[in-house]
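For reference, the structure discussed in these notes is given below.
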């Protein structure tokens, strides 16, 4: 039943929701988009529940999530320096795409316990989850080339901003309003750029460090 | 004291999904006014009037800003007030902006209430029902976050003796790197402790302190009924091209009244229980 | 019926020459309280981990273990998890839940038990272990002792046949450690659960055991009742860790049963007259390098005062130990002296501005991937210093791979690279075994000869009595008594070393084992 759901949700239910939203009309777009991102998280959650995850893997997921959440507190004195995206990418690079998605989604969910839940929670979950998922798919090139890593950090910064701005536009205009979207993107652009720079810095420093730390742990404990 | 937050998490989830969906995805100012009123009163009963008024002031400024800015993005509407660079600034867009501001305000206010009511324990309970393993991950993360923050502070202050010649950001990064090492190292002990207690051997159950009683069932049924009738009698409010309300019938009026009842339920609950408590105390 | 019978067990870690365990034969009876002792590296942890399927290290195994008559290695996972409980050193890292009740329920959830059964079991064990008030609280708010009790409770909730504990009290303060051991003994008495525990501080654990197994280089030297063990171990270095009564018994070659407690031990010494004493050494230097006069401190504006009119003077070139309960403000004083905090009233004068501070967890001083890199980042002429301290072989290691004692010394060396005049230490003996403590104490004494001043906050009264010059007791926000160590400890009746309690009224001012020997020798010489 669960295995079936993992397939049915992305292949049938999500398209059905989108079509239904289209039929009902513009007023439902914001609601439909929220529903779609929430449903988008479900297959990953289900796959994790069913997957054969050892204690080690479960703890590692919790640790990576906790590090990215605590990172938001730790770097609070340094403006715009939030290691969440970078930690999600690192987590995905070394532990796979499903793992990356969960690190991202859970980081958003848990950090909003401290910073406030809101209608943006599902979108943050989905955005960071997606960044992790894609990073997991690209893990080999990301590990091999610094350039790819930088490009991906830039891409993920924009992806995050696009997903959240799109939602805001859909909500405010009951439809996609390009002017508002561009205005939102433009106002958040400087912040996005600072985030991207901090992500790049963080990734360039921590990716080699992390792989060293991980190798040591694996060697020490098997 | 018996308070609204002591209802079963499933009942609370049902209630808050209704009110937030009705507030976030709806621009009908009639409904929204009741929504904001209910949220604000309940918020005041939880956090005190002063805190509520403070956040209301913030919401009000935000509402004005959204109302003022909306006509710049949206040129729909028949009644042009004036032009900026050949772009029409319409009354309707302005009114829609105000309604949007109202929707944002009531959504934010409801989410603040949710933050007060829905602590991690309740969320874990709901997650645990669907996915006990994921609930274990979330629970462990919640346990780790304060510890990681604490050891960062300790490491960072221990490092202060050495790194006078380093930049602030670099010092933060090197302390954070040490925190990662510590966390990975400790994760082995944690994993051992999980395995020693039989983690992942068979399908987990999830224990919780909550019990779904007839009382909770009654409230859940009440919310579902309210929600259904509110939807059935929903009346539409169009901003474009001109502001128009559909013809009001009895069902529409019922829908609005029931929505008001729904929004005010948490506040009324607190008031009723407060009074009951006072009476039962005076009898002692 | 035996719970475990270990037959000809040998074990070798991969890539190692030496056998970690060789040819161990040991039967552990149902309901027995077995204490496992041995120096670090003697194979205690390896032996304990061999008994738990989930935690058994990988390597070459020879021989076998029976559990309740069946091959342990073939025990089903669903039986092994609940039947054999395991607790390690780290109170916090073992926790897996954000709330206390979640932790108690964790093992039962893994067994897939029904919610109502878990509810009953969890409630019962929370009451038994005195965790009712904390039941719904976050685990992060518990003290170290409570965390370790919670770990014990959550293992016990699964109704184990045996619990195995690997140095469970090493990270706890002495009072919490005694509480933990008492809880363990009570479980053993009340429920008949078999207890197998490795410990390196035996003052309290020794008397609880039914039998004590002594491991030496991976071999089982003997396994005897504690009274019998003391004589067998007479010439072994491990004797240092035995309770002081037993050590004195060993030394005196007394007749009769070996005493395990102070009460039993005082009888041996009664024949000595009340005229031997330890003379008090005069302190030469009176210049105060640190002086606090009536300082007040609180952490929050509306919080309670942690320090109230606290005065403290530390002289140049002395080793000052500051004792006191948890939360008495010991660490706060250190931070005030260091300058990380500021008193809101009173005067704090430092004659020297070069101070170095060792935090409670020495790991916190290291941020790089090897000790050498960390040293290099402080001072390039580290090699010389390391050679003179004899720690150059630690340089290439990762800080987290060092043993507790090595880490402590490496951390102090890192601080000494700053060439401080005053060294502030916060609980430096936490988690160290007796040998490592002695080495640390001697190391510090040598640095003091070279002119260093040491201020050390500690729970470890034996360490203070053995190595400090003066000792102060912090209580209710101020220093309530302060003196040279001999006067200080012989003046206190409870807040003192076991040696001092053993000799109270017999030998004046004797507060350490060495003091006792000195007195006895003086008596014999006469």
Being touching a strand residue (DSSP E or B) at 6+ places or on another chain (Cβ under 7 Å) and under 23 Å from residue C:185 (Cα atoms) is true for just one of C:55, C:35, C:21, C:9. Which residue is that? C:35
Please note which helices (runs of 4 or more DSSP H) are completely contained in region C:466-526 and include at least 1 residues that are assigned by TED's automatic domain parsing to the domain that holds residue C:453. C:485-491, C:498-503
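Residues are listed down the side, and each one gets a yes or a no for (1) facing chain B (nearest Cβ under 10 Å); (2) surrounded by 14 or more Cβ atoms within 10 Å (Cβ to Cβ):
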{"position": "A:167", "(1), (2)": "no, yes"}
{"position": "A:176", "(1), (2)": "no, no"}
{"position": "A:181", "(1), (2)": "yes, yes"}
{"position": "A:185", "(1), (2)": "no, yes"}
{"position": "A:192", "(1), (2)": "no, yes"}
{"position": "A:209", "(1), (2)": "yes, yes"}
Being closer than 30 Å to residue C:449 by Cβ, in contact (Cβ under 8 Å) with a residue 12 or more places away in the chain, touching a strand residue (DSSP E or B) at 6+ places or on another chain (Cβ under 8 Å) and outside the structural domain of residue C:314 (by TED's automatic domain parsing), is that true of even one residue in region C:247-267? no
Return yes or no: is residue C:220 part of a strand (DSSP E or B) and over 18 Å from residue C:161 (Cα atoms)? yes
For region A:48-69, how many residues are surrounded by 24 or more Cβ atoms within 10 Å (Cβ to Cβ), more than 16 Å from residue B:139 (Cβ to Cβ) and at the interface with chain B (Cβ under 7 Å from one of its Cβ atoms)? 1
Filter the helices (runs of 4 or more DSSP H) completely within region A:71-170 down to those with at least 2 residues that are over 22 Å from residue B:173 (Cα atoms). A:97-115, A:121-137, A:139-144
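Rundown of residues vs (1) away from chain B (no Cβ under 14 Å); (2) surrounded by 22 or more Cβ atoms within 10 Å (Cβ to Cβ); (3) over 10 Å from the mean Cα position of the chain (by Cα); (4) at pLDDT 90 or above, yes/no style:
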| position | (1), (2), (3), (4) |
| --- | --- |
| A:97 | yes, no, yes, yes |
| A:109 | no, yes, yes, yes |
| A:115 | no, no, yes, no |
| A:130 | yes, yes, no, yes |
Just one listed residue, out of B:233, B:227, B:218, B:167, is more than 9 Å from chain C (Cβ to nearest Cβ) and over 33 Å from the mean Cα position of the chain (by Cα), and it is B:167
So, of the residues in region C:43-58 that are part of a loop (DSSP other than H, G, I, E, B) and more than 11 Å from residue C:11 (Cα to Cα), which turns out to be farthest from the other protein chains (Cβ to nearest Cβ)? C:51
Let me spell it out: the conditions are (1) part of a helix (DSSP H, G or I); (2) within 30 Å of residue B:244 (Cβ to Cβ), and residue B:157 meets all of them except one. Which number is the exception? (2)
Where residue C:18 falls short, out of the listed (1) more than 24 Å from residue B:198 (Cβ to Cβ); (2) surrounded by 22 or more Cβ atoms within 10 Å (Cβ to Cβ): (2)
Any chance residue B:220 is touching a helix residue (DSSP H, G or I) at 6+ places or on another chain (Cβ under 8 Å), at pLDDT 95 or above and surrounded by 16 or more Cβ atoms within 10 Å (Cβ to Cβ): yes
Flag for residue C:135 being surrounded by fewer than 23 Cβ atoms within 10 Å (Cβ to Cβ) and either more than 7 Å from chain B (Cβ to nearest Cβ) or more than 27 Å from the chain's Cα centre (by Cα) (or both): yes
Within region C:333-431, which helices (runs of 4 or more DSSP H) (wholly inside it) include 2 or more residues that are within 12 Å of chain B (Cβ to nearest Cβ), touching a residue at least 60 places away in the same chain (Cβ under 8 Å) and out of contact with any strand residue (DSSP E or B) (no Cβ under 6 Å at 6 or more places or on another chain)? none
Go over the candidates B:205, B:213, B:181 one by one and state the one that is buried (at least 16 other Cβ atoms within 10 Å of the Cβ) and either touching a strand residue (DSSP E or B) at 6+ places or on another chain (Cβ under 9 Å) or in contact (Cβ under 8 Å) with a residue 24 or more places away in the chain (or both). B:205
Selected residue (criterion: surrounded by the most Cβ atoms within 10 Å (Cβ to Cβ)) from residues of region C:138-162 that are assigned to a loop (DSSP other than H, G, I, E, B) and on the phi < 0 side of the Ramachandran plot: C:157
The condition from (1) under 25 Å from residue C:202 (Cβ atoms); (2) out of contact with any strand residue (DSSP E or B) (no Cβ under 8 Å at 6 or more places or on another chain) that residue C:47 misses is numbered (2)
In region C:163-172, residue modelled with the lowest pLDDT [restricted to those that are touching a helix residue (DSSP H, G or I) at 6+ places or on another chain (Cβ under 7 Å) and surrounded by fewer than 24 Cβ atoms within 10 Å (Cβ to Cβ)]: C:171
Only one of these conditions is not met by residue C:103: (1) in contact with a helix residue (DSSP H, G or I) (Cβ under 6 Å, 6 or more places away or on another chain); (2) in a helix (DSSP H, G or I); (3) over 30 Å from residue C:459 (Cβ atoms). Which number is it? (3)
Only one of these is surrounded by 17 or more Cβ atoms within 10 Å (Cβ to Cβ) and either modelled with pLDDT under 90 or in contact with a helix residue (DSSP H, G or I) (Cβ under 6 Å, 6 or more places away or on another chain) (or both): C:424, C:444, C:383, C:461. Name it. C:424
Qualifying residues in region C:76-112 (those that are touching a residue at least 60 places away in the same chain (Cβ under 8 Å) and more than 7 Å from every other protein chain (Cβ to nearest Cβ)) - the one surrounded by the fewest Cβ atoms within 10 Å (Cβ to Cβ): C:83
Yes or no: region B:185-202 includes at least one residue that is more than 7 Å from every other protein chain (Cβ to nearest Cβ) and buried (at least 22 other Cβ atoms within 10 Å of the Cβ). no
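The values are calculated or read from the model by the stated rules, or taken from the named source; none is laboratory data. All figures in this text were calculated on a predicted structure; none of them were measured in a lab. All Cβ positions, glycine included, derive from the backbone under ideal geometry; neighbour counts span all protein chains shown.
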